[in-house]
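The values are calculated or read from the model by the stated rules, or taken from the named source; none is laboratory data. Because the structure is predicted, anything quoted here is derived from the model rather than measured. We place every Cβ from the backbone using ideal geometry, glycine too, and count neighbours over all the protein chains shown. Remember, those area values only see protein heavy atoms, side chains included, never the ligands or the DNA or RNA. Shrake-Rupley method; radii C 1.70, N 1.55, O 1.52, S 1.80 Å.
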Amino acid sequence: MTSYRVPLRALLLTAAVAATLGACQRAEKKAPEASKAVAEAAATGPLKYESATPYAKVSLTLPEAIKTQPELYASLYRQEVSDLAKYAEGAQADRTEAGGDSAMGPYEKTIVYGDAVQTGRLFSAMRTDFDYSGGAHPNTVATALLWDKTEKRRITPTDLFAKGADTTALERSLCAAVNTAKKARPGAQPISTKADTWSCPRLKDVALVLAPGATAGKAGGLTFLLDAYAVGPYAEGPYYITLPASAFQTLLAPAYAAEFSGQPLKTGDVTNDLRPK
């Protein structure tokens, strides 16, 4: 009878393949379990966080809809709470170093995420950061939360547009909409592309969020978030301006072009609609 000796290299290769397949099968089994755990944590997790010391009062509010995106919820809640804790620690160190002046009261930081706007692929919410650390007045900064639900990652406003897209016409439309809004605010001065102090905003410098639309599952436009000082003095306040999808549809990246359709529920100055209640 003839015997065959299997080369050692072949045995090692077979063992390596088996180990790899086993690891893949274990990973596949753990992945759904991990996703399920994250989803369950999001379903029961808090949407609010508050903490108060003699030095600082901090709070966080998230929208109910964020629980539909458990990976986003988990990372966002953890990061925001961590940052607020650091703010409170910094406030204590700052106030102690200054002699602990209690007459001014504690510093205050409030972070509020507004109602979410969703499409089939995108999740969007406006983030308002109110911060008072002394001085003549508090500072309020509006930024954008944009989440790609398909790729499960955060994206930037720039990602919505095709690379190399010419946004000149869109910037003109935004500038015109700001000037229209200024007409309704007593004493507000118009802006232009040639102004020395307050000029028309550049798209790359502006935060933006999805605007709700009349078509189900689609965004009707974009809302551009211009804080106080962006296009005028502090006394004028912020300008949150919504433009319809028709103003930028041809500029969108192919991955996101289908997320927009129809008209926004409201266009122009939507500042009062988006201020935290």
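For this structure, a couple of remarks:
- Positive minus negative residues near Leu226 (Lys, Arg vs Asp, Glu; Cβ under 12 Å): -2
- Taking amide H positions as modeled 1.01 Å from N, with prolines and chain starts lacking one, the residues under 5 Å from Leu122 and 5 or more places away or on another chain are Lys149.
- Cβ-defined net charge surrounding Val117, 15 Å radius [Lys, Arg +1; Asp, Glu -1]: 0
- Counting Lys and Arg as +1 and Asp and Glu as -1 over every other residue whose Cβ lies under 11 Å from the Cβ of Ala245, the net charge comes to 0.
- Set of lysines with alpha-carbon distance to Lys266 below 19 Å, sequence-local pairs under 8 removed: Lys182, Lys183, Lys218, Lys277
- For region 76-84, the Karplus equation 6.51 cos²θ - 1.76 cosθ + 1.60, evaluated at θ = phi - 60°, returns couplings of 5, 4, 4, 5, 5, 5, 4, 5, 5 Hz by residue, with Gly and Pro reported as x.
- The listed peptides 165-174, 123-132, ordered by packing as a protection proxy, come out as 123-132, 165-174 (highest mean of other Cβ atoms within 10 Å first).
- Taking the charge dipole of region 135-255 about its Cα centre, with +1 at Lys and Arg Cβ atoms and -1 at Asp and Glu Cβ atoms, the residue from Leu170, Gln249, Gly237 reaching farthest to the positive side is Gln249.
- The ratio of the alpha-carbon radius of gyration of region 71-190 to the globular-protein estimate 2.2 N^0.38 Å is 1.44.
- Solvent accessible area, Å² - Glu89, 1.4 Å probe, full protein context: 130
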